[in-house]
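*Asks:* I have a structure here, written as structure tokens, and I will follow up with some questions on it.
Values in this text are rule-based calculations from the coordinates and carry no lab data. No experiment lies behind these values; they were computed from the predicted model shown. Here the Cβ positions follow ideal geometry from the backbone for every residue, glycine too, while neighbour counts run over all protein chains shown.
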Amino acid sequence: MEPTYVSGKPRLWLRLDGGVLFVASILLFAATNQPWWIYPALLFVPDIFMIGYLRNTKIGAFFYNVGHSYFVPSLVVLVGWEWHHILAVAVGVIWLGHVGMDRLLGYGLKFDDNFKSTHLGDLAKKKG
């Protein structure tokens, strides 16, 4: 079955949501009082979840989507908050910022067929 992509205004709204999340993550990170160098140092760490693509696209998409959805980083923030581990909160906030940045730039959750096939469109085609 051919993947179905979000298009039109809903796609624009999803990308804008990503931008809001990215900016919010920067503001929330500031509230953690952690050193600022941590934010850029960890911002691209979630891309390690692409490692599954070394095996095949199905495993790659699964691991990528685990690392690029809101669920796991939100759990990191909630557990850090509950246990009073402010560094864990900061890491989760940075991770959410990465997801938001990706969405803003049009990188969505992956389909199993191809790395460039995302819920926000086919990255192999013209971006918009």
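*Asks:* How do R15, R55, R103 line up, fewest other C-beta atoms within 10 Å first?
*Replies:* The order, fewest Cβ neighbours first, is R55, R15, R103.
*Asks:* What is the angle, in °, between the Cα long axis of helix 71-82 and the longest principal axis of the Cα atoms in the chain? Nearest 10 is fine, range 0 to 90.
*Replies:* It works out to around 10 degrees.
*Asks:* So how do S69, S25 line up by other beta-carbon neighbours within 10 Å, fewest first?
*Replies:* The fewest-first ordering by Cβ neighbours comes to S69, S25.
*Asks:* Taking 1 over the mean of 1/r across every pair of different Cα atoms in the stretch 84-128, what Kirkwood radius in Å do you get?
*Replies:* Every distinct Cα pair counted, the radius reaches 11.9 Å.
*Asks:* Report, in degrees rounded to the nearest 10, the 0 to 90 angle that the Cα long axis of helix 57-67 makes with the longest principal axis of the chain.
*Replies:* 30
*Asks:* By how many degrees, between 0 and 90 and to the nearest 10, does the Cα long axis of helix 8-31 differ from the longest principal axis of the chain?
*Replies:* Taking the Cα atoms of the chain, the angle to 8-31 is about 20 degrees.
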